[in-house]
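Beneath this line is the structure, given in structure tokens, with notes to follow.
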Amino acid sequence: YWLYQPLGAGGMGSVYKAIDEEDGQILAVKVPPQDRWDDPAIIQALMTEAQIGAAFGRHPHLVAVVDYGEDEGDHFMATEFCEGERLDNLITRETEGLPEEQALTITREILTALAHIGECGYLFRDLKPENVMIEPNGNVRLFDYGLCMTKEEAARPQSDNDEFEGSPFYVPPERIVGAAEGEYSEIYSLGMIWF
């Protein structure tokens, strides 16, 4: 893949718009951040995210993982590239709030994506407007599978440390106290988005 335009970056990776040199397909490619390029924990997290995303297959409301692995020491995850606007940007732009019908449609499509993830045996666990893309035709797509975990793993109470994964405004209360999570946790986060 030829990476040619930065799309975003965070502590767990940098995402670039890229072209597949074999077939010309436009993709989004995530790689470890430059300052942690060879960090085993970051590489493992990226590969786990890619494997989980690949397990979801293709779904109209999820960004599909199309390839992942390592090439000459460079670890990567390639996903579909989606044109559109992130929900957080759309909400900011719509100062009067989203029209009720549009908000209901977005919510229904997110629920459809969450149901598919659940049928695959996982919880998404990172539901927030920054991880929701609205395509030009209005279709909703979830992306970023970095916090996904199996339902079985999520159902076990988590460790007693002072840290939790997720965005404070959208994280379910049970994660804050280290309690078991389930589909009800996803509904809480969706409710916060809808609010």
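The values are calculated or read from the model by the stated rules, or taken from the named source; none is laboratory data. Fair warning: this is a prediction, and the values are worked out from it, not measured in the lab. Here Cβ is always computed from backbone atoms with ideal geometry, including for glycine, and neighbour counts include all displayed protein chains. Each accessible area value is taken on the protein alone, full model and side chains, heavy atoms only, with ligands, DNA and RNA left out. Shrake-Rupley method; radii C 1.70, N 1.55, O 1.52, S 1.80 Å.
Could you tell me whether residue 186 is in a loop (DSSP other than H, G, I, E, B), of a type in the set (Asp, Glu), touching a helix residue (DSSP H, G or I) at 6+ places or on another chain (Cβ under 8 Å) and touching a residue at least 24 places away in the same chain (Cβ under 8 Å)?
Answer is no for this residue.
For region 104-121, give me the residue count where each residue is among the charged types (D, E, K, R) and closer than 20 Å to residue 138 by Cα.
So the count comes out to 2.
Would you point out the residue of region 129-141, among those that are over 13 Å from residue 108 (Cβ atoms) and of a type in the set (S, T, N, Q), that is most open to solvent (accessible area, probe 1.4 Å)?
137
Could you list all residues from region 139-159 that are of a type outside the set (D, E, K, R) and either within 14 Å of the chain's Cα centre (by Cα) or modelled with pLDDT of 95 or more (or both)?
Once the filter is applied, which keeps residues that are of a type outside the set (D, E, K, R) and either within 14 Å of the chain's Cα centre (by Cα) or modelled with pLDDT of 95 or more (or both), region 139-159 yields 139, 140, 142, 143, 145, 146, 147, 148, 149, 150.
For region 53-94, which positions are of a type in the set (Lys, Arg) and either touching a Leu at 6+ places or on another chain (Cβ under 6 Å) or modelled with pLDDT of 95 or more (or both)?
Matches in region 53-94: 58, 86.
In region 95-128, what count of residues is obtained for those that are out of contact with any Ser or Thr (no Cβ under 9 Å at 6 or more places or on another chain) and either open to solvent by 50 Å² or more (accessible area, probe 1.4 Å) or modelled with pLDDT of 95 or more (or both)?
Final tally of qualifying residues: 23.
So, in region 11-60, how many residues would count as being small (Gly, Ala, Ser), open to solvent by 20 Å² or more (accessible area, probe 1.4 Å) and not in a helix (DSSP H, G or I)?
Looking only at that region, the number is 3.
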